[in-house]
There are 2 protein chains.
Amino acid sequence: MTKSIKDILIKDLNARVNGSLWLEVGDGHFFGPGPVELLERIAETGSISNAAKEMKMSYKKAWELINRLNAQMATPVVIPQAGGEKGGGSIITSEAIELIKYHRLLRKRFADFLEKETKRLKF
Amino acid sequence: MTKSIKDILIKDLNARVNGSLWLEVGDGHFFGPGPVELLERIAETGSISNAAKEMKMSYKKAWELINRLNAQMATPVVIPQAGGEKGGGSIITSEAIELIKYHRLLRKRFADFLEKETKRLKF
DNA sequence: TATCGTTATATATTTAAATATATAACGATA
DNA sequence: TATCGTTATATATTTAAATATATAACGATA
């Protein structure tokens, strides 16, 4: 009695199906989990700098990410202001909010897919 | 008349949904596209060394990958032989063949999911 | 027992990506 | 006009991952 691959994957290894998802444009990645979280935190904290700190991401990386997004989108996702009452800050646009919402729904459907595939492995 | 996020993503950027998929066990990645391709090429070429060359992967990386897989699985995926008539070689087990088949089906379903989500973006 | 090309292994080097550091520019406010 | 903390930018350093290189062990065969 030989073991099926399912037996090995599930019974012996307790394996599960996992993955990651992003929006792609032209050649490469465009909008994935990282940018989503960064935008959310910019909205919360009011600045790229603080958002980056919270994520333990270097400010440089965060700024380049936002800069790239703003350049690629037809409409910017973040409006930065250098200088001002408290030194400045950044706000996210309504388009960014829509993007986040869309991505949440998309990820939910993806999570369902992954769960379904993991369950399928078990029966 | 403001643009919806869908308009921006599809009309302006021609964005599509993409992602990657793997089997996970315990803490981390376990079996993704890379290992699948490597196993396929070991089956074709009869050696880890040649398979790695074809993929332009360093032998070391290929060997470590196979070694890790063999250690993690209840049954090895590759049977290596050092020494022998032509210096040696490696063959893949029936479990490896099953794994590859399973992964192909899984990726097909994932591709369908991605296509569906990309189309959903368009309407 | 010499030969073959492979597996198995250690170590050095290269590469790419990230963080770290420093600093100018900014603009509302007191 | 001095101050604030931020954005914006360049450069140095660190880190992690990969390749490159070298070599011993292997075992069937002639």
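For this structure, a couple of remarks:
- Check on residue B:120, modelled with pLDDT under 95 and either open to solvent by 80 Å² or more (accessible area, probe 1.4 Å) or in a helix (DSSP H, G or I) (or both): yes
- Number of the exception - residue B:61 against (1) exposed (fewer than 14 other Cβ atoms within 10 Å of the Cβ); (2) assigned to a helix (DSSP H, G or I); (3) within 10 Å of chain A (Cβ to nearest Cβ): (3)
- For residue A:68, the test of being basic (Lys, Arg), within 16 Å of DNA strand C (Cβ to nearest atom), within 14 Å of another protein chain (Cβ to nearest Cβ) and out of contact with any Leu (no Cβ under 8 Å at 6 or more places or on another chain) is passed.
Residue-wise test of (1) facing chain A (nearest Cβ under 8 Å); (2) in a strand (DSSP E or B); (3) touching an Asp or Glu at 6+ places or on another chain (Cβ under 7 Å).
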residue	(1), (2), (3)
B:17	yes, yes, yes
B:30	yes, yes, yes
B:35	no, no, no
B:38	no, no, no
B:41	no, no, yes
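- Residue A:99 vs. criteria outside any strand (DSSP E or B) and out of contact with any strand residue (DSSP E or B) (no Cβ under 9 Å at 6 or more places or on another chain): no
- Taken together, the criteria exclude residue A:97 from residues that are closer than 30 Å to residue B:118 by Cβ, under 18 Å from the mean Cα position of the chain (by Cα) and within 16 Å of DNA strand D (Cβ to nearest atom).
The values are calculated or read from the model by the stated rules, or taken from the named source; none is laboratory data. These figures come from a predicted structure and were not determined experimentally. Neighbour counts run over all protein chains shown; Cβ positions are idealised from the backbone, glycine included. Keep in mind that these areas ignore ligands, DNA and RNA; they rest on the heavy atoms of the full protein, side chains included. Shrake-Rupley method; radii C 1.70, N 1.55, O 1.52, S 1.80 Å.
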